[in-house]
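Peer 1: Input: one structure, supplied below.
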Amino acid sequence: MAKDLVEFRNLETHFQTPAGTVKAVNNVSFKIREGETLCVVGESGCGKSVTAMSLMGLIESPPGKIVGGQILFEDRDLLKLSKRDLSLIRGKEISMIFQEPMSSLNPVLTIGEQISEPLILHMLMDRKTAKKRAIELINMVGIPRAEKIFDSYPHELSGGMRQRIMIAIALSCDPKLLIADEPTTALDVTIQAQILDLMRDIKKQLNTSIMLITHDLGVVAEMADYVVVMYAGKVIEEAPVLELFKNPQHPYTKGLLKAKPIINQVQERLYSIPGQVPNPIELGNNCHFHDRCESCMDICKVKAPPFRAHDNAEHKSACWLYEEEREVL
Amino acid sequence: MSASASPITENTDYRPKAIDSPWKTAWRRFARNRLAVIGTIIIALMFLICFIGPFLSPYGVLDYSLKDKNLSPNTSYWLGTDKLGRDILLRMMLAGRISLLVGLVATIISVIIGCSLGAFAGFYGKKVDTVIMRVADIFMALPSLPILIIMGVVLSDLGVEPNQRIWFLMLIIGVLNWTTIARLVRGQMLTLREQEFMQATEALGLKDRRKIFRHLLPNTIPVIIVTATLGVAGAILSESALSFLGVGVIPPTPSWGNMISAANNLIDFGKRPWLWIPPGMCILITTVAINLIGDGLRDAMDPKTKK
């Protein structure tokens, strides 16, 4: 099995708001292996992006604060690194693609300047080599007329092209891990497919690990090797992709899979999970999904279920349905 | 019907129209603004006359002939002469050099100070911001003219040479004017640093200095240009006011301000208007023209005016 690249250990990221503490990421642990695509799935506001931001050290403090846990990257705890050491890793070893290609590029600098920047900074290239490499990168992400694009400004490009440029920038220093925070949400469906194809090709070519954050199960099925499902700041289920789709355990995962449209099947109305994500302020120590769950039991309302493997060692979930002690209470 | 589709070939006849760069668009809008163009032409002429004109004059800088003193405008002295028989036209052109130079250099000084302090305040926030902006508040609370006068008097007291005096003057005017630009730049920084592309630079591991000077400041250039342009007019006015009061540029170095001070003398004021009307007109025309340019630039660079 491939080596572990990143390991989240009991990560806790909290936000202080006037109304109380928001535990945006609450005791999250999972691993990303080398050359693997890991998808983090969940509704909006369940802590997917915050997990990624914590990894990149992009949590604004205040109001945010990482209050506990570790993020190990190649056996180094990223949370303990100095700002200087961190900036040597960011952009070089770990890079990130953002959700909004329209606003993630600086409007007053040319594309070329923005791609060359990390090359000059991290790879210590001179301007000329950086330009050559930048043009290679633009070609690699499938944009024709690379020399011309090199001198263009972001507003001259379409959303899909900008996202490709973002990918080119992210890949410029051959990172070991690429974090993609909903990279296709702002794009239309055909472009989405192109961007995902591109990311898959690149992963094959460069053996980069990808941490893909999405709420689109179609994207998960297409891209993932391994899936982590989050709900209200907690990991509630993780499994290899096939296992998860074939055999979902947590009622929330089941609900998500049911809510997905199926091609070639007439459906009057898509299924939707009743209720809403709970208010994240001061959540109790219980299963946060209990008030929306079809198979809710008494114990779900008072005690949080343990997160562990049940019958398949690779498939973990946190639900009382699979625990024997549930009857005890 | 045959199913063989022709291969997709690139349409070579089609040349996509180049999209204008932001600068080109701004320039086009500016060129369409008649008043702003007039202002630009006036300023260009002013520079041309002041910097080249003296070479064409038959008189020298230090020439004076007491027999020609206090002449009204005539064919050999187009704008007349003063009480020492010096040509008013020549002196006005030389004065223009100094006034325009003071305006430009003082503004450059205030832009440099204002941009860097404003950028640091906006970027780092918190304590840095508080300290810098409170200092700015102090500077803004002090009325600038009295301070300028005091500084001018101090310069006289220290016995600074008239030639070097203008450099000190530029410095003083520049330093006193940094607050406007600092505030504007800080405000821009506050919004810009929250933009997603700044998060992206953070994720790329860029250093703070690079983020500020390469990514943030270029985004504030439109604001800086507009304020700086208007600042030039203000600096010229400050210099004229000081020179008029006799604590700015002092004779024999001419400046528009100290030339107008001839109007202090009741006889000159009543009987010899050619001594003080021309420099007065120069100050008026120059500041109005600069303000027209500033307004034109503001309209041209505002992305919300879609014309």
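The values are calculated or read from the model by the stated rules, or taken from the named source; none is laboratory data. No experiment lies behind these values; they were computed from the predicted model shown. As a convention, Cβ positions derive from the backbone with ideal geometry for all residues, glycine included, and neighbour counts pool all protein chains shown.
Peer 1: Considering each of A:Lys80, A:Lys65 in turn, give the residue that is farther than 26 Å from A:His215 by Cβ and away from every other protein chain (no Cβ under 12 Å). Show your work before the answer.
Peer 2: Values: A:Lys65 fails: farther than 26 Å from A:His215 by Cβ.
Residue meeting the stated conditions: A:Lys80.
Peer 1: Restricting to the stretch B:90-121, count the residues that are surrounded by fewer than 20 Cβ atoms within 10 Å (Cβ to Cβ) and either among the small types (Gly, Ala, Ser) or free of Cβ contacts under 8 Å to residues at least 40 places away in the same chain (or both).
Peer 2: Of the residues in that region, 2 qualify.
Peer 1: Name the single residue that is farthest from A:Phe30 (Cα to Cα) among those in the stretch A:155-199 being under 18 Å from the mean Cα position of the chain (by Cα) and without any contact (Cβ under 8 Å) to a residue 24 or more places away in the chain.
Peer 2: Step by step, filter the stretch A:155-199, then rank; the result is A:Ala193.
Peer 1: Before we move on, is B:Phe120 at pLDDT 85 or above and within 14 Å of chain A (Cβ to nearest Cβ)? Even if it seems obvious, please write down each step before you answer.
Peer 2: Working: at pLDDT 85 or above: yes; within 14 Å of chain A (Cβ to nearest Cβ): no.
Judged against the criteria, B:Phe120 is not a match.
Peer 1: Checking the structure you have, find out if any residue of the stretch A:10-31 is under 30 Å from B:Leu217 (Cα atoms), surrounded by 15 or more Cβ atoms within 10 Å (Cβ to Cβ) and either in contact (Cβ under 8 Å) with a residue 60 or more places away in the chain or among the aromatic types (Phe, Trp, Tyr) (or both). Spell out how you get there, then give the answer.
Peer 2: From the stretch A:10-31, those under 30 Å from B:Leu217 (Cα atoms) are none; that's our starting set.
There is no residue in the stretch A:10-31 that is under 30 Å from B:Leu217 (Cα atoms), surrounded by 15 or more Cβ atoms within 10 Å (Cβ to Cβ) and either in contact (Cβ under 8 Å) with a residue 60 or more places away in the chain or among the aromatic types (Phe, Trp, Tyr) (or both).
Yes or no, residue by residue, for (1) in contact with a His (Cβ under 6 Å, 6 or more places away or on another chain); (2) outside any helix (DSSP H, G or I); (3) at the interface with chain B (Cβ under 8 Å from one of its Cβ atoms); (4) surrounded by fewer than 24 Cβ atoms within 10 Å (Cβ to Cβ):
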residue	(1), (2), (3), (4)
A:Asp85	no, no, no, yes
A:Leu88	no, no, yes, yes
A:Lys92	yes, yes, yes, yes
A:Met96	no, yes, yes, no
A:Met102	no, yes, no, yes
A:Pro118	no, no, yes, no
A:Lys131	no, no, no, yes
A:Ile135	no, no, no, yes
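Peer 1: Right, next: Restrict the check to the stretch B:201-208 and report whether at least one residue is within 23 Å of A:Pro154 (Cβ to Cβ), more than 8 Å from chain A (Cβ to nearest Cβ) and touching a helix residue (DSSP H, G or I) at 6+ places or on another chain (Cβ under 8 Å).
Peer 2: The answer is yes; a qualifying residue exists.
Peer 1: Return yes or no: is A:Leu124 within 14 Å of chain B (Cβ to nearest Cβ), surrounded by fewer than 17 Cβ atoms within 10 Å (Cβ to Cβ), within 24 Å of the chain's Cα centre (by Cα) and over 30 Å from A:Leu283 (Cα atoms)?
Peer 2: Criteria not met by A:Leu124.
Peer 1: Considering the stretch B:264-301 alone, what residues qualify as being at pLDDT 85 or above, farther than 22 Å from B:Ile98 by Cβ and among the aliphatic types (A, V, I, L, M)?
Peer 2: B:Leu292, B:Leu297
Peer 1: Counting only residues that are within 17 Å of A:Glu117 (Cβ to Cβ) and assigned to a helix (DSSP H, G or I), which one in the stretch A:149-163 is farthest from the other protein chains (Cβ to nearest Cβ)?
Peer 2: Looking at residues that are within 17 Å of A:Glu117 (Cβ to Cβ) and assigned to a helix (DSSP H, G or I), I get A:Phe150.
Peer 1: Yes or no: the stretch A:140-148 includes at least one residue that is of a type in the set (A, V, I, L, M), part of a loop (DSSP other than H, G, I, E, B) and more than 9 Å from chain B (Cβ to nearest Cβ). So that I can check it myself, show each step before the final result.
Peer 2: Taking the stretch A:140-148 and keeping what is of a type in the set (A, V, I, L, M), we get A:140-141, A:143, A:146.
Subset that is part of a loop (DSSP other than H, G, I, E, B): A:141, A:143.
With more than 9 Å from chain B (Cβ to nearest Cβ) added as a condition, the list becomes A:141, A:143.
The answer is yes; a qualifying residue exists.
Peer 1: Output the number of the condition that A:Gly233 fails; it satisfies all remaining conditions of (1) touching a residue at least 40 places away in the same chain (Cβ under 8 Å); (2) more than 30 Å from A:Asp4 (Cβ to Cβ).
Peer 2: For A:Gly233, the exception is condition (2).
Peer 1: Whether any residue in the stretch B:251-258 is more than 14 Å from every other protein chain (Cβ to nearest Cβ), surrounded by fewer than 21 Cβ atoms within 10 Å (Cβ to Cβ), in contact with a Pro (Cβ under 6 Å, 6 or more places away or on another chain) and over 20 Å from B:Cys115 (Cα atoms) is what I want to check.
Peer 2: Step one: of the stretch B:251-258, the residues more than 14 Å from every other protein chain (Cβ to nearest Cβ) are B:251-258.
With the extra rule that they be surrounded by fewer than 21 Cβ atoms within 10 Å (Cβ to Cβ), the set shrinks to B:251-253.
Now narrow it down to the ones that are in contact with a Pro (Cβ under 6 Å, 6 or more places away or on another chain): B:253.
Then drop every residue that is not over 20 Å from B:Cys115 (Cα atoms), which leaves B:253.
Among the residues of the stretch B:251-258, at least one is more than 14 Å from every other protein chain (Cβ to nearest Cβ), surrounded by fewer than 21 Cβ atoms within 10 Å (Cβ to Cβ), in contact with a Pro (Cβ under 6 Å, 6 or more places away or on another chain) and over 20 Å from B:Cys115 (Cα atoms), which makes the answer yes.
Peer 1: Sticking with this one: Counting only residues that are assigned to a strand (DSSP E or B) and within 15 Å of the chain's Cα centre (by Cα), how many does the stretch A:12-54 have?
Peer 2: Of the residues in the stretch A:12-54, 13 are assigned to a strand (DSSP E or B) and within 15 Å of the chain's Cα centre (by Cα).
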